[in-house]
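*Asks:* Below is the structure I would like to discuss, written out as structure tokens.
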Amino acid sequence: MLRGEKGVRHAAILEGRTVEPVRNVLEQIVGQLASPEWLKNVLKLKWRQIVGDQLAKRTQVRHVKDGVVTVVASNPAVANELQYRKDELRRRIRETAQFEPLDIRIRIGVVQPEETVKVQQIERELSRLVLSSREKSLIEQTVAPIKDPELREKVARVFEQFLRLNQWKRRHGFKECPRCKALYRGHRAYCPVCRIELRRLAHHN
Ligand SMILES: [Zn+2]
């Protein structure tokens, strides 16, 4: 339950209820950002921005695992185009989602069109969300000790994205995992990540 404890403290920080050393906050954010679920969400939300309108209709992020991004293309021609533009794609992902993929794998499959519309809607909603003054000052406090101005700006932007997405998830019926405080959807008692960990722990005992 040690990890759970850490998670509880983290959530309290994000809510601004307690003041914790900046390093802890950063560690926690980086941990959250590194989770495959989070990366997939970010890539889905930013996909149109990353590949452009035309390709966004014909491609889709399927999953992110161990730093490898799997993209589905609707037909071989589109898959070829993505393959050809892989380096560019990698650069766009790095710039837009602040995440460096280890590899990008392209598969041919079904691209669900309604998802594009849904994601566009989510994107609009996200851009309309206003951060509270408490959230803004939390970002400022967190990044203040970072000396490199470029890095400071980058961490501030990532943190802002994180808070916006958290706000959005709460508004859309996500609930907080009692163990790690991540936001997730569904009727289960714990988030998907904790469910796997708990199963693994039970297995070892
Ligand atoms: Zn959890």
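*Asks:* Specify which of the listed residues (R188, R199, R170) is under 20 Å from the mean Cα position of the chain (by Cα) and among the basic types (K, R).
*Replies:* R170
*Asks:* Out of the range 156-191, which residues are within 15 Å of the ligand (Cβ to nearest atom), part of a helix (DSSP H, G or I) and of a type in the set (K, R)?
*Replies:* K169
*Asks:* Mind checking which residues of the range 58-82 are touching a residue at least 24 places away in the same chain (Cβ under 8 Å) and loosely packed, with under 15 Cβ neighbours inside 10 Å?
*Replies:* If the condition is that a residue be touching a residue at least 24 places away in the same chain (Cβ under 8 Å) and loosely packed, with under 15 Cβ neighbours inside 10 Å, then K65, D66, G67, V68, N75, P76 are the ones that fit.
*Asks:* Enumerate the pairs (first residue in the range 83-104 and modelled with pLDDT under 95; second residue anywhere and of a type in the set (S, T, N, Q)) with beta-carbon separation below 7 Å, excluding pairs fewer than 6 apart on the same chain, so at least 6 apart or on different chains.
*Replies:* T96/Q49
*Asks:* Give the range 169-205 a look and list any residue that's among the aromatic types (F, W, Y) and surrounded by fewer than 18 Cβ atoms within 10 Å (Cβ to Cβ), or say none. Before the answer, list the steps.
*Replies:* Of the residues in the range 169-205, the ones among the aromatic types (F, W, Y) are 174, 184, 190.
Matches in the range 169-205: F174 only.
*Asks:* Still on this structure: Within the set of pairs 6 or more residues apart or between chains, which connect a residue that is closer than 14 Å to W38 by Cα inside the range 187-200 to a residue that is near the ligand (Cβ under 8 Å from one of its atoms) and not in a helix (DSSP H, G or I) with Cβ atoms less than 6 Å apart?
*Replies:* C191/C177; C191/A182; C191/Y184
*Asks:* All but one of (1) within 19 Å of V119 (Cβ to Cβ); (2) at pLDDT below 90; (3) in contact with a strand residue (DSSP E or B) (Cβ under 7 Å, 6 or more places away or on another chain) hold for Q60; which doesn't?
*Replies:* For Q60, the exception is condition (2).
*Asks:* Working carefully through the options R124, R152, R134, find the one that is at pLDDT below 85 and over 26 Å from N75 (Cα atoms).
*Replies:* None of the others qualify; the one that does is R124.
*Asks:* Check the range 84-100 and report whether any residue there is surrounded by 17 or more Cβ atoms within 10 Å (Cβ to Cβ) and more than 18 Å from K46 (Cβ to Cβ).
*Replies:* no
*Asks:* With I122, I196, I139 as the choices, which residue is out of contact with any Cys (no Cβ under 7 Å at 6 or more places or on another chain) and within 16 Å of the ligand (Cβ to nearest atom)?
*Replies:* Residue meeting the stated conditions: I196.
*Asks:* Within the range 147-183, can you find the residues that are free of Cβ contacts under 8 Å to residues at least 12 places away in the same chain and touching a Phe, Trp or Tyr at 6+ places or on another chain (Cβ under 8 Å)?
*Replies:* F174, K175
The values are calculated or read from the model by the stated rules, or taken from the named source; none is laboratory data. For clarity, every value in this text was computed on a predicted model and none was experimentally measured. Cβ sites come from the backbone with ideal geometry, for glycine too, and all protein chains shown count toward neighbours.
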